[in-house]
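Encoded as structure tokens, the structure appears first; notes follow it.
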Amino acid sequence: MASTQYTEFSPSARKAPENATLTGPVAADETITVSIYLKPRDESSVTTHHTGDARADLKARRTIVHAHDITLIHEFAHQAGLNIVQVEPGRRLIRLEGPAARMEAAFKTKLHHYRDGAKHFRARTGSLHLPSDMAEIVESVLGLDTRPAAQPRMVTRPQASTDPSYLPNQLGALYDFPTSVTGSGQCIALIELGGGFTAADTNAAFQAMGLASPTVLAVSVDGGTNSPTPDDGANAEVALDIQVAGGVAPGAKIAVYFTPNTDAGFVDAVSAAANDATNKPSVMSISWGGPESSWTTQTLQSMTSALADAATLNVSVFVAAGDNLATDGVTDGKAHVDFPASSPSAIGCGGTAIITSNGTITRESVWNDGTGGTGGGVSDVYAVPSFQQNANVPPSVNDGHAGRGVPDVAGDAAPSSGINVVVNGQSAVVGGTSAVAPLWAGLTALINQHAAKPVGFFLPLLYNNAAALRDITSGNNIPSGSNVGYSAGAGWDACTGLGSPNGQAVLAALTATPGPAPTPTPA
């Protein structure tokens, strides 16, 4: 029997929504679904039959170690009058559903509706409360609050611009991506918190590249759907991700996981993709994020746990580092890094600007347009991970503290050297670190086809083979009129990480040493 003694669940603390109008309380009978993630447990002592399928084996171990936890959540749901709608031990996930009044009573909170322009959402303030025994095993309770969680890291170039632009496969050639492999046999997962794609756009884009269109599947998470309505700005993000990843790895299957733009939707999609036993992605690309300061502690924890699970399952996850320079769009006069790019279990992707001549990059520098440019800096949440111990990550420009450095790698992201895409039936040129995550995802799909097994979370190996990248030594991510930010230099820097890809050299570095892919330890 679950305890009736409640305690504050402080990791769930939220502030009131900013720049939004409260429109009234949530109706008592409004149906709400929440995702409860359990805290990770030590699985090393669990003995199960090894099937050779990493996802099945993970599920088997966790079914055993979390059996009591799941029973406790069942008892809590029964007492609260809530329905269990999903139990996935491999993901440490239990989803509950019920009317708002019962949800409010179960978690000791009050829910209200808000409006921010055309966006309507549900929100709460303060901390949730949980039965004391349940608070000991729960990592997060997500979904009560549905305010938008993240933004796409993409910038559309004005149509009147005469600057050069590149097809995705042209960009792959500029970065010397391997041509003896196509990504065949691999699946690239794309996480999308809105928008959609059409076969017509995909076909037109790949025809322009002289390539056959790849297999592109839409996967629904938490009711998210492929919704390519013409007025949805997120369509360009979806198109960019599909066309870049597929353009450089045309033989790979692409699975697009559509999910609501909420904290629950975001974490659920990453967890679902990593654990997808049907499509079995070996690579994941995430082009959405927000400043670390905009996330609750519980969401940071559960997202990083989901990313650590991906690493355990040998899935490489690339995340855009943001397009708002060192402040990440926060107006408090301090530097901020983007999450989930700052997670120690993610491969953060920064942005550069390139100049080319005769099919060769002649100059590459930090992308900084004054008001827009690559994110990067020092995490306020995560400590310096082991793979960065010798990278000379500088102290934070805010207060000198040591932290996880962002990004890890980089690639062309400047709108001035943007990428040609087809969206809503029209050609467009886009930039942003959103372009870099699928670029590296596509490269990794090529490498995985060549390798004996997926390279997984390869940062420990890459940091020991930095010469495989193009070191970016000029530029900074300091906003115009500010002195807050970081400068590029020899070796790792908080603008472009280790640098942009030299595709053939990266393949050689990541496949030279056989053995299991190293798995990060969650912070």
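Take residues that are among the hydrophobic types (A, V, I, L, M, F, W, C) and tell me which of the strands (runs of 3 or more DSSP E) falling wholly in segment 1-86 contain 3 or more. Spell out how you get there, then give the answer.
Working: elements: 6-14, 21-25, 31-38.
Hits in segment 1-86: 31-38.
Please work out which one of (1) over 17 Å from THR352 (Cα atoms); (2) part of a loop (DSSP other than H, G, I, E, B); (3) among the hydroxyl-bearing types (Ser, Thr, Tyr) is the condition SER474 fails and give its number.
Every condition holds for SER474 apart from (1).
Rundown of residues vs (1) in a loop (DSSP other than H, G, I, E, B); (2) open to solvent by 60 Å² or more (accessible area, probe 1.4 Å), yes/no style:
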residue	(1), (2)
ALA353	no, no
THR362	no, yes
GLY370	yes, no
VAL384	yes, no
PHE387	no, no
ASN390	yes, yes
PRO394	yes, no
VAL397	yes, yes
GLY400	yes, no
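Residues being under 22 Å from PRO152 (Cα atoms), small (Gly, Ala, Ser) and open to solvent by less than 10 Å² (accessible area, probe 1.4 Å): count how many of those fall in segment 169-207.
4
For segment 224-260, give me each residue that is closer than 21 Å to GLY431 by Cα and open to solvent by 60 Å² or more (accessible area, probe 1.4 Å).
PRO230, ASP231, listed by residue number.
Return yes or no: is GLY90 under 24 Å from ARG124 (Cα atoms), in contact with a helix residue (DSSP H, G or I) (Cβ under 8 Å, 6 or more places away or on another chain) and open to solvent by less than 50 Å² (accessible area, probe 1.4 Å)?
Working: under 24 Å from ARG124 (Cα atoms): no; in contact with a helix residue (DSSP H, G or I) (Cβ under 8 Å, 6 or more places away or on another chain): yes; open to solvent by less than 50 Å² (accessible area, probe 1.4 Å): yes.
No, not satisfied.
Against the condition buried (at least 21 other Cβ atoms within 10 Å of the Cβ) and either at pLDDT 95 or above or within 12 Å of ILE32 (Cα to Cα) (or both), how does PHE76 come out, does it pass? Break it down into steps so the answer makes sense when it comes.
Numbers: buried (at least 21 other Cβ atoms within 10 Å of the Cβ): yes; either at pLDDT 95 or above or within 12 Å of ILE32 (Cα to Cα) (or both): yes.
Answer is yes for this residue.
Name the one entry in ALA437, ALA414, ALA428 that is touching a residue at least 24 places away in the same chain (Cβ under 8 Å), open to solvent by 10 Å² or more (accessible area, probe 1.4 Å) and under 20 Å from GLN151 (Cβ atoms). Steps first, please.
Working: ALA437 fails: open to solvent by 10 Å² or more (accessible area, probe 1.4 Å); ALA414 fails: open to solvent by 10 Å² or more (accessible area, probe 1.4 Å).
Just a single option satisfies the conditions, and that option is ALA428.
So, VAL138, is that one of a type in the set (A, V, I, L, M), closer than 18 Å to PHE9 by Cβ and in contact with a Lys or Arg (Cβ under 9 Å, 6 or more places away or on another chain) or not?
Details: of a type in the set (A, V, I, L, M): yes; closer than 18 Å to PHE9 by Cβ: yes; in contact with a Lys or Arg (Cβ under 9 Å, 6 or more places away or on another chain): yes.
In short, yes.
Which of the residues spanning segment 227-248 are more than 16 Å from SER287 (Cβ to Cβ) and not β-branched (Val, Ile, Thr)? Please lay out each step first, then the result.
Taking segment 227-248 first, the residues more than 16 Å from SER287 (Cβ to Cβ) are 227-231.
SER227, PRO228, PRO230, ASP231, listed by residue number.
Checking the structure you have, find out if any residue of segment 208-223 is under 14 Å from the mean Cα position of the chain (by Cα) and open to solvent by 30 Å² or more (accessible area, probe 1.4 Å). Even if it seems obvious, please write down each step before you answer.
Of the residues in segment 208-223, the ones under 14 Å from the mean Cα position of the chain (by Cα) are none.
No, every residue in segment 208-223 fails to be under 14 Å from the mean Cα position of the chain (by Cα) and open to solvent by 30 Å² or more (accessible area, probe 1.4 Å).
Just checking, does segment 486-504 include any residue being in a helix (DSSP H, G or I) and surrounded by 21 or more Cβ atoms within 10 Å (Cβ to Cβ)?
So the first thing to find is which residues in segment 486-504 are in a helix (DSSP H, G or I), and the list is 503-504.
If we keep only those that are surrounded by 21 or more Cβ atoms within 10 Å (Cβ to Cβ) as well, we get 503.
Yes, that holds for at least one residue.
Go through (1) under 20 Å from ARG92 (Cβ atoms); (2) open to solvent by 30 Å² or more (accessible area, probe 1.4 Å); (3) small (Gly, Ala, Ser) and name the single condition SER12 misses.
The number of the failed condition is (2).
Could you check SER140 against (1) open to solvent by 10 Å² or more (accessible area, probe 1.4 Å); (2) among the polar types (S, T, N, Q); (3) within 29 Å of the chain's Cα centre (by Cα) and say which number it fails?
It is condition (1) that SER140 fails.
Under 6 Å between Cβ atoms, which residue pairs at least 6 apart in sequence (or on different chains) link something in segment 87-102 that is more than 30 Å from ARG61 (Cα to Cα) with a partner that is outside any strand (DSSP E or B) and open to solvent by 40 Å² or more (accessible area, probe 1.4 Å)?
PRO99/ASP29; ALA100/ALA28; ALA100/GLU30; ALA101/ALA28
Quickly run through segment 397-411 and pick out the residues that are in contact (Cβ under 8 Å) with a residue 12 or more places away in the chain and either within 24 Å of SER482 (Cβ to Cβ) or aliphatic (A, V, I, L, M) (or both).
The initial filter retains those residues of segment 397-411 that are in contact (Cβ under 8 Å) with a residue 12 or more places away in the chain, namely 397-398, 401-411.
Hits for segment 397-411 are VAL397, ASN398, HIS401, ALA402, GLY403, ARG404, GLY405, VAL406, PRO407, VAL409, ALA410.
Against the condition modelled with pLDDT under 95, open to solvent by 50 Å² or more (accessible area, probe 1.4 Å) and farther than 20 Å from ILE188 by Cα, how does THR473 come out, does it pass?
no
Could you grab me the full set of residues in segment 111-136 that are small (Gly, Ala, Ser) and outside any strand (DSSP E or B)?
GLY117, ALA118, SER132, ALA135, listed by residue number.
So which of SER302, SER342 is assigned to a loop (DSSP other than H, G, I, E, B), in contact with an Asp or Glu (Cβ under 9 Å, 6 or more places away or on another chain) and open to solvent by less than 10 Å² (accessible area, probe 1.4 Å)? Outline the logic, then answer.
On the way: SER302 fails: assigned to a loop (DSSP other than H, G, I, E, B).
After ruling out the rest, the residue left standing is SER342.
Being farther than 19 Å from THR297 by Cα and surrounded by fewer than 20 Cβ atoms within 10 Å (Cβ to Cβ) is the filter here, so list the residues in segment 99-113 that pass it.
Pass one, segment 99-113, residues farther than 19 Å from THR297 by Cα: 99-106, 110-113.
Selection gives PRO99, ALA100, ALA101, ARG102, GLU104, ALA105, LYS110, HIS112, HIS113.
Is one or more of the residues making up segment 181-190 over 21 Å from LYS253 (Cβ atoms) and at pLDDT 95 or above? Break it down stepwise before answering.
Our first condition is that a residue be over 21 Å from LYS253 (Cβ atoms); within segment 181-190, this holds for none.
Within segment 181-190, none of the residues are over 21 Å from LYS253 (Cβ atoms) and at pLDDT 95 or above.
The values are calculated or read from the model by the stated rules, or taken from the named source; none is laboratory data. Nothing here was measured: the structure is a model prediction, and the numbers come from that model. Every residue, glycine as well, gets a Cβ built from its backbone with ideal geometry; the counts of neighbours run over all protein chains shown. In case anyone asks, the SASA skips ligands and DNA or RNA and just uses the protein heavy atoms, side chains included. Shrake-Rupley method; radii C 1.70, N 1.55, O 1.52, S 1.80 Å.
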